[in-house]
Every structure is written in structure tokens, then in C-alpha cells.
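Dropping the structure in here first, questions after.
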Amino acid sequence: MKYEKILNKRGMSLLEVLTGMLVLAIGLMGLAPMLVVSVEGNVSSRDASLAANLAKEQIEYYEGLAATPALPANLEEAGLDGKFTRFTYIRGNATDSTVPAGAYQVDVRVAWTDHHNVPRNTRYSTLILEP
């Protein structure tokens, strides 16, 4: 076997590797704020979905009742899922002329404070025919 002398060693120097790592690090640092914004958006979406489900749950409860509740009614439930407060207002034609006869109106508002201490709320309203 003959040993050949390799004059042109092809490879990367330490300086090239360090430069490549620096470029990669700068690029990844640019992506970090997008990750934070994405996580915060997911938290806000989760809270809004939970609030909507709490409101929907309350409206479905009143839709399923066999008898008309005592009107007018104002209910407040605090501490739902640890951070939500649900307000329910029920009124009928006898107390509010804007509600059609033979029906009652259920208004549900769910309020909470987000992770930036900003008050948020969502509202749902429906008319339910009296049984």
C-alpha cells in the first residue's frame, strides 16, 4: 500500500464553526419573542373559551327548566374555575316591556382579570319561551 500525502485537507476550521454558531444563536434569539407572544395568546384564548363555556352552561340550564324562574332575578357566582365571576340577569315582560310576552330574557355576563391585570368580560343573551 502506498501512502499518499494529502496536501489539501478539506474541512471546517474552528473559526468557521464559531461563526456559524453565532449566526444560529442570533437567529434563535429573534424567534424567542414570537414564542412568548404565542404562549400569551394561548392563555388568553383559553380564558375566553372557558368564559364562553360558563355563560353557555348557564343559558342551557335555564333553557332546560320545566318552570319559569322567579322574575326578576339577579344572581352572582364568584370563584368559578378560580378566576371567573358569572352574573345572571333574568327578566320577563312584567318587569321589562322590551321582553316579548310569553318569554323571559336571560342575560349572562362572565368577568375575569387576565394575566396582565386587565379586566375582561363576555356577554350572552337569549330569549326563552315560557313553558
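The values are calculated or read from the model by the stated rules, or taken from the named source; none is laboratory data. Predicted model only: the values in this text are computed from it and were never measured. Note that each Cβ is placed from the backbone with ideal geometry, even for glycine, and that neighbours are counted across all protein chains shown.
Condition check: more than 15 Å from ILE128 (Cβ to Cβ), at pLDDT below 90, surrounded by fewer than 11 Cβ atoms within 10 Å (Cβ to Cβ) and not hydrophobic (A, V, I, L, M, F, W, C). Does GLY11 satisfy that?
yes
From the list ARG46, ARG109, which residue is in contact with a strand residue (DSSP E or B) (Cβ under 7 Å, 6 or more places away or on another chain) and over 16 Å from PRO131 (Cβ atoms)?
Answer to the check: ARG109.
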